[in-house]
1. For Lys29, give me every one of the lysines with a C-alpha distance below 23 angstrom, ignoring sequence neighbours fewer than eight places off in its own chain.
2. Quick one: longest stretch of the chain between exposed loop trypsin sites (Lys or Arg not before Pro), exposed meaning at most 10 other C-beta atoms within 10 Å and loop per DSSP?
3. Can you compute the charge dipole magnitude of the chain about its Cα centre, using +1 on each Lys and Arg Cβ and -1 on each Asp and Glu Cβ, nothing else charged? Give it in debye, rounded to the nearest 20.
4. Return Met9, Met143 ranked ascending by Cβ neighbour count within 10 Å, so the fewest neighbours appear first.
5. For an R0 of 30 angstrom, estimate the FRET efficiency from the Cβ-Cβ distance between Tyr107 and Ile39 and round to the nearest 0.05.
6. Just going by the charge dipole of segment 2-207, with Lys and Arg at +1 and Asp and Glu at -1 on Cβ, which of Thr109, Ile144, Leu24 is farthest out on the positive end?
7. Between Ile14 and Arg79, what FRET efficiency comes out of the Förster formula 1/(1 + (r/R0)^6) with R0 = 22 Å and r the beta carbon distance, rounded to 0.05?
8. At a 10 Å Cβ-Cβ cut-off, how would you order Glu170, Glu141, Glu37, Glu191, fewest neighbours first?
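Please treat every number below as a calculation from the coordinates, not as lab data. Because the structure is predicted, anything quoted here is derived from the model rather than measured. Backbone-built Cβ (ideal geometry, glycine too); neighbour counts: all protein chains shown.
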Amino acid sequence: MKTIGRILMVVLAIGVGAYALLFLDFQIKGILRDKGELIKNVLYLSGFYTHVIGGGIALIVGSFQFFPKLRNRRLSLHRLLGRIYVIACVLSGIAGLGIAFFATGGYITKVGFLLLAIIWLYTTSQAYLTIKQKKVMAHKEWMIRSYTMTFAAVLLRLQLPLYLGFMGMEFPDAYRIVSWSCWLPSLLLIEWLIQKQTDTESRFFPSF
């Protein structure tokens, strides 16, 4: 079941990440078509492309860090992917802080995405700092938290159609909810799992 879960995570991450990388042609398409006059704002477009492309790279690269055999047998590759992941998260997170102020749905949506970006940057920076300090277990904990925030991009795209189609909500209302539901419940769950473990080395982290 753990292997199936990892494979499903990778498939979803690659699917959403690959879609994000389609914006490498820097054309006005997808969600950008609904941004009106914002598409004429060079700063907004720069932030949008940085956020989407960086997030796509982080999604794909980060998903492969959860395979213990790959990590243990190819430590140099693990470190390289880790550096790419951190850089992608930092660039995408900083850009996300800026474009969050232009999110559809009012201040509720803006605050939701702002907090997501802040926590994403914080957890990723802690993951980096702890491994530099050779605190391997703390590094694993922070990386799990960080990728939980990265994976919010996948959960957003899974949840939004449910709100719009199954529940029949209008887009602004659905977007207000998803700006929180794509990351807050999963972050609380993963934090509970981390704190619940009294023997983290043998019980929880072998699945990391």
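1. Within the straight-line limit of under 23 Å, Lys29 reaches these lysines: Lys40, Lys110.
2. On the way: sites that count: Lys29, Lys134.
So the longest stretch without any such site is 30-133.
3. Values: 22 positive and 9 negative charges, 181 e Å.
Its charge dipole is roughly 860 debye.
4. Values: Met9 18, Met143 24.
Fewest-to-most ranking of Met9, Met143: Met9, Met143.
5. Values: r = 23 Å, r/R0 = 0.75.
After rounding to 0.05, the efficiency reads 0.85.
6. Towards the positive end, the residue furthest out is Ile144.
7. Details: r = 21 Å, r/R0 = 0.97.
Taking R0 as 22 Å, the efficiency between Arg79 and Ile14 is 0.55.
8. Exposure proxy ranking, most exposed first: Glu37, Glu170, Glu191, Glu141.
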